């Protein structure tokens, strides 16, 4: 069996990377103070970024998570400010809810909403079951929110948003208050539980892929700096205390990447181990990216703390996303409980 | 209107490019192949003309098997089909022979317009478009910064050092384009998925009626006699400013005839 990515998946990632090289330079990222550039998002949507996982009847391309993984890694490598993880997760969840028929009214509106999201004309976001705040709610046309075991689509204008501090300022965070009559039910009962699991897994998977890209870029920048920066008459990268740190961070990222790919495969193929595989991936990706961020910060002599340093753009993305959608500890706990449960089950008569 | 776009796979300009010491031709294994950057503008212009006037866009490339990567890129941008002229006998062909071979390959395709980039980033001769037009006996409109087609008439703004000339001709014609003409689109997921289903016709020289004596390294009209790596850049002169820095700078510029 061949598990490698297809030529088409590589080509799509290359197209996204090429677009971002031109339209998402560090200068662009720094200028996107609000966290959302409509023109760049539209360009990404034009090549399919917002519609890959949306079902075909709703203006999407009917692809799956594996079609997105490499492209999302490229978004991380460019420190893309737009909420690609949340919007993709929200659009996929809404598409799935409509496909399964687990809906209760408001169908026509949702079809329009989803088609506009696929075109890049409207942004969707979703509350992560692990997190207290909703990311990018201010830029979204609609929010997918969970309440008392049911999922709703809430019009942004019908919700009261209260800004919350965010370590990555362009990644805006909000507490959301809304009246039940302001939301439209899309899933309840068993369907809602399935949606919660799917949202959590997809958000964790895609933020893991984004973190891989950001970590890769942080290490590239640091290696290049360590070769240029001269101290004691030689490049600092020639000192073991510097290069071993960088090598360790690199190894951590390389070891996390196949776990993220495996999680993508498990999720796409509906494997019984999907929850565990996604959590193993997010735990590894979060830990690897945090390590890469710490090493990059130190190798650069802490200049990355300043807003003026390009490094800062990637550091804050890593600090935010390594904790969002469940941090490494939370996901290690989920891996552990799945293993322990299995062992207990196996011992039962 | 049926348009043929000529594309060439070249070594990535971001990598170190090498010649092979065996026969002084390009060492294709030494760096990754990518589509010639200027050809992307030609593809974009062809797609824009198709959107306006209808018809089909066919990609034609001459090169070894790896050139399929560039064909796929062109199809992923939206071209309809491709012709791949590939034959061991073509190895080492120079610009003139390439134009001859392409003119024969074009004989197998119906077209109203041929569009190509103004030069390739590897050889940079910039003559294939002109030579091709000669072989085909068609008008050549080179260095186009703007293209307008009206019925069977074509009008381009030909970029010059001082501005542009307006050049007109009747179709069919050969047009080469410069970078400022448009902004090439990025391949989309949808077109990438469709690209694998688009027809790619493989041609050997016999299929195109190309005379083996007219192509290949042994018959080339130009020859690479020798090559050497560019010498490393010499260190500059450091001038200590002891109050006379301005004079020294002016002397330096005067010596180099800048002032």
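Only the coordinates and a few stated rules stand behind these numbers; no lab work does. Source: prediction; values computed, not measured. Using ideal geometry, Cβ is built from the backbone for each residue, glycine included, and neighbour counts are taken over all protein chains shown.
With a/c under 1.5 counting as rounded, go ahead and sort the range A:241-311 into rounded, prolate or oblate using the C-alpha gyration tensor (a ≥ b ≥ c being the square roots of the eigenvalues; past the cut-off, prolate if a/b is larger than b/c, else oblate). Verdict is prolate for the range A:241-311.
For the Cα trace of the protein assembly as shown, dividing Rg by the Kirkwood Rh returns an Rg/Rh value of 1.04. FRET efficiency for the residue A:294 to residue A:27 pair, using the beta carbon distance and R₀ = 25 Å, is estimated at 0.45. Every pair of different Cα atoms in the range B:1-146 enters the Kirkwood calculation, which places the hydrodynamic radius at 15.5 Å. The convex hull of the Cα atoms of the range B:82-159, projected and averaged over all directions, covers 5.9 nm². Let me have the 222 nm mean residue ellipticity of the protein assembly as shown computed from DSSP H runs of 4+ only, each contributing -39500 (n - 2.57), with the sum over all residues rounded to the nearest 500. Only helices count here, giving -14500 deg cm²/dmol.
The C-alpha atoms of chain A define a longest principal axis, and helix A:274-299 lies at about 30 degrees to it. When peptides A:209-216, A:131-138 are sorted by average Cβ neighbour count within 10 Å, with the highest value leading, the order is A:209-216, A:131-138.
Note on chain B: antiparallel DSSP beta bridges, both residues inside, total approximately 40 percent of the bridges counted. Projected onto their three principal axes, the Cα atoms of the range A:154-193 cover extents of 35, 22, 11 Å, largest first.
Can you pull the semi-axes for the range B:123-259, root of five times each eigenvalue of the Cα gyration tensor, sorted largest first, whole Å?
45, 26, 21
Protection proxy ranking for B:14-22, A:284-292, B:192-200, B:225-233, using the average of other Cβ atoms within 10 Å per residue and placing the highest first: A:284-292, B:192-200, B:14-22, B:225-233.
Its Kirkwood hydrodynamic radius, worked out from the mean inverse distance over all distinct Cα pairs, puts chain A at 20.6 Å. Within 10 Å of the Cβ of each residue in A:118-130, the mean number of Cβ atoms contributed by other protein chains is 0. Pairs of alpha-carbon atoms within less than 8 angstrom and 6+ residues apart define the contacts here; what relative contact order does the range B:3-234 have, in percent? It rounds to 26 percent for the range B:3-234.
Measure nothing but the geometry: give the 0 to 90° angle between the long axis through the Cα atoms of A:310-321 and the longest principal axis through the Cα atoms of chain A, rounded to 10°. The answer is roughly 40 degrees. In chain A, the longest principal axis of the Cα atoms and the axis of helix A:7-23 are about 70 degrees apart. Normalising the average separation of contacting C-alpha pairs (under 8 angstrom, six or more residues apart) by the number of residues puts the relative contact order of the range A:202-347 at 31 percent. Listed peptides A:72-83, B:169-180 appear in the order A:72-83, B:169-180 once ranked by packing, highest mean of other Cβ atoms within 10 Å at the front. The mean number of Cβ atoms from other chains found within 10 Å of a Cβ in peptide B:67-74 is 1, as a whole number.
Note: relative contact order over the range A:1-142, using C-alpha pairs below 8 Å and six or more positions apart, is 26 percent.
Average 1/r across all pairs of distinct alpha carbons in the range A:202-347, invert it, and you get the Kirkwood radius: 16.0 Å.
Mean per-residue shielding of peptide B:180-190 is 6, counting Cβ atoms of other chains within 10 Å of each Cβ. Beta-bridge orientation, the protein assembly as shown: approximately 55 percent antiparallel, per DSSP, counting only bridges with both partners inside.
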